[in-house]
Every structure is written in structure tokens, then in C-alpha cells.
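Trainee: Sharing a structure below in C-alpha cells format, with a few things to ask.
The values are calculated or read from the model by the stated rules, or taken from the named source; none is laboratory data. Treat the numbers as computed from the prediction; the structure is a model and nothing was measured. No Cβ is skipped: glycine too gets one built from the backbone with ideal geometry, and neighbour counts run over all protein chains shown.
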Amino acid sequence: MINRPFAKGVRWKNGAWRYRVPRWLDAATRQRIFDGKVEFTLGRTIADAAQRYSEIMQELDSEAPSINTMSDLMDRYISEVAPLKAPATRRSNLISLKRLRAVFGHMPPGEVESHQVFKYRDLRRSTPTSANRDLEVLSHLFSKAIEWGVLRNDQHPMRGLRIKNPGRTRKRYVTDEELDAALPYANTFLQAYVRLKMTLGARKADMLRLELRSKTAEGIKVQPTKTAESSGKVTVYKLTPEREAAWKAALAIRPQRVSNITYLFCTRKGNPYIDEEGNTSGFDSIFRRWIDKVIKEGVIQERFTENDLRAKVASDSEDMEQARRRLSHTSASTTRRHYHRKPEEAD
């Protein structure tokens, strides 16, 4: 994996360093500086790319729109920063920015004070998780304002303060009895999905992106999309009798009349249940209807989510290290804090 010596707008692709052109640029400027391209080649060596990158940054400083209010700052953030984020993160950020704009949009960035940020947090205390997302975006807005020369380094109103709400760790543990009772109420597609999920523990997005080629003689290869751009690591799940059986069950329910199907889990037309933006609405509807049904029928008493199954895999692992590897976590502390939920038995 090549190190990233530039900002997030630069990436290594097809043997060269390339710069993603900011969306806020007008067509004339985009044509003049970048030949009208969406992604501009900087160079094949770090030295050449760094030189060209520096020249571009100097030109862009003179072209950047003036920022007089927080609303102006948010507009540039949406155009230049948000597009570089993962689809799910980008959607979440846009929702947060809409809420933040309603409160802070009219204010000059340099006039937002710490006590006003605390007040915003307190007003949204009933929804602490979404409030924390808003605060993360707000803090990043001020950091970008400093980077863009709108604020001085000492004007960040959130730096060094513990403003976020204490996190609430989900504790739902799905027992074997609950899962065994609920699974017969799922359709054949979901049954196959859940059975393979319980042998792997991969994220929903990675499960829905599994292809036939993912299974090799080495095992089932999964590249977590969450870290594909950073670490790029691949997790190889060794083939066990349980995984072999679950994979064969998934193969058996695939549509037979669609040729050239590459995805393991797909619709009747052969399309994946996840799009390029990471949207899984079709799959989510299937899962939700299943849970609605078993709750209505009294099969289980408490709802569980698709991600609770991932937590069950971690909780049922032999030890924390095995759980960490199955969930493709870098640190076991993340696994322990968020996914180890099975109650401990005392003598």
C-alpha cells in the first residue's frame, strides 16, 4: 500500500498521483487549470506530483469563493470535502449539515463560541448519537476553516473540549434459541444469507458484495470496504465444513435463468443488493419484514438488527483474538467495546 503524502483530494491510481478537482470551481476555471477534467494527473513520482500540487493549491487559493458565514463554509465543505468521503458517511454528513445550517448558518465562523456549541448539544440531548455526529461535522468545519485561512489556529471553538455526549453501547445479544426459532420464518434467500453470515461475521456491505470468485482454494476472501482506501487489507476466512455448507446453500438459491451472474447474493435479475453508493434498501426491507413477522407471531420478544448478528459472531468466538480476526478489526479493544455482548457465566 502506497503512503499518502498529500491531502484527501489526491490518490494513487493507474500508476500516477491524481487530484480530484473541487466541485465548487466554475467551468471556466476548471477548463483553464485542469483542462476541464474531473480528475487531474499530477505526476508519476512523488516529487513531480508534490510540485504540481503546490502550484495548483496556490492557484486555487485565489479562486476559492469568499466565506463570510457558516453557511458559506458549509457550501464549500459540501462541494470540496463531502464528495471525498464514503457514501454512507457523506449521506450522514449532509443530514448533519442541514441541521447545523439552521442554527449556525447565519453566523460568521469567527463569532461561533464554545458555549453556543454546548447549548446546541444540550438542545439535542434526546438524540445523543445523531447529536454527536453533528458535533463531529461541526468540529471538522472549523478545522477546514483554519486550513482555508478563514480562521486562525486559536479560533477553533471546540478544540480541547469534551463536548460530545457519552456514547451508548448497544447490548443486544441474539441467543442461539432465538435465532433457531426465527430463521424458519425467513425466506430461502435470507436463510442462506444468515447462515453464511454466522460463519463469517463480515459487515453487511461486504457480505452483499461477495462474488463467486471470492471463494478460492485458500478460503473466502473479503476486502472490507470500510478500510479499502486506507489499509486495503483482505481477510481470508479458512474453509470449514460449516462455511462450505453455507456457501453451497447460498449458491443453490441464486437465480438460474440469468447468465453471467457474479454476485453470490443477487436479485432475480442478477443484480447485487447493494449499489455503488452503498445503499442496501432492498435487502433492508427483506430483513425488516422478517423481524416484523417473528415479533408479531411472538417467536421472539425483542427485535434485533443485521449488525446484531455480527456481534453474535464476535460474542460466540473462542476468544477475543479470534473475534477480532473474524470482524476484521485492527484493534481488539474495538471488538470488545462494541461487539462482545454475550453475558458471562459465573461459577
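Trainee: Out of the range 292-314, which residues are in contact with a helix residue (DSSP H, G or I) (Cβ under 8 Å, 6 or more places away or on another chain) and in a helix (DSSP H, G or I)?
Mentor: Selection gives LYS293, VAL294, GLU306, ASN307, LEU309, ARG310, ALA311, LYS312, VAL313, ALA314.
Trainee: Within the range 144-165, is even one residue part of a loop (DSSP other than H, G, I, E, B) and farther than 30 Å from ILE67 by Cα?
Mentor: There is no residue in the range 144-165 that is part of a loop (DSSP other than H, G, I, E, B) and farther than 30 Å from ILE67 by Cα.
Trainee: Within the set of pairs 6+ apart or on separate chains, which have a first residue in the range 25-50 that is free of Cβ contacts under 8 Å to residues at least 12 places away in the same chain and more than 13 Å from GLY9 (Cα to Cα), a second that is among the charged types (D, E, K, R) and in a helix (DSSP H, G or I), and C-beta atoms under 6 Å apart?
Mentor: Close Cβ pairs satisfying both conditions: GLY36/ARG30.
Trainee: Determine, yes or no, whether GLU147 is in the same structural domain as ASP75 (by TED's automatic domain parsing) and surrounded by fewer than 16 Cβ atoms within 10 Å (Cβ to Cβ).
Mentor: yes
Every residue, every condition in (1) free of Cβ contacts under 8 Å to residues at least 12 places away in the same chain; (2) exposed (fewer than 13 other Cβ atoms within 10 Å of the Cβ); (3) β-branched (Val, Ile, Thr); (4) in contact with a Gly (Cβ under 7 Å, 6 or more places away or on another chain), yes or no:
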| site | (1), (2), (3), (4) |
| --- | --- |
| GLY270 | no, no, no, no |
| GLU277 | no, yes, no, no |
| ARG288 | yes, no, no, no |
| GLY298 | yes, yes, no, no |
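Trainee: Identify all residues within the range 67-83 that are more than 22 Å from GLN116 (Cα to Cα) and surrounded by 15 or more Cβ atoms within 10 Å (Cβ to Cβ); write none if there are none.
Mentor: Within the range 67-83, ARG76, ILE78, GLU80, VAL81, ALA82 qualify.
Trainee: So, one more: If I ask for residues that are in contact with a helix residue (DSSP H, G or I) (Cβ under 8 Å, 6 or more places away or on another chain) and either outside any helix (DSSP H, G or I) or over 21 Å from ALA145 (Cβ atoms) (or both), which ones from the range 38-63 would you list?
Mentor: Across the range 38-63, the qualifying residues are PHE40, LEU42, GLY43.
Trainee: Now, a different point. Restricting attention to the range 11-33, and to residues there that are part of a strand (DSSP E or B) and out of contact with any Lys or Arg (no Cβ under 7 Å at 6 or more places or on another chain), which single residue is surrounded by the most Cβ atoms within 10 Å (Cβ to Cβ)?
Mentor: TRP17
Trainee: I'd like the residue in the range 91-133 that is more than 21 Å from ASN68 (Cα to Cα) and among the charged types (D, E, K, R) and, out of all such residues, is modelled with the lowest pLDDT.
Mentor: Within the range 91-133, the match that is modelled with the lowest pLDDT is ARG125.
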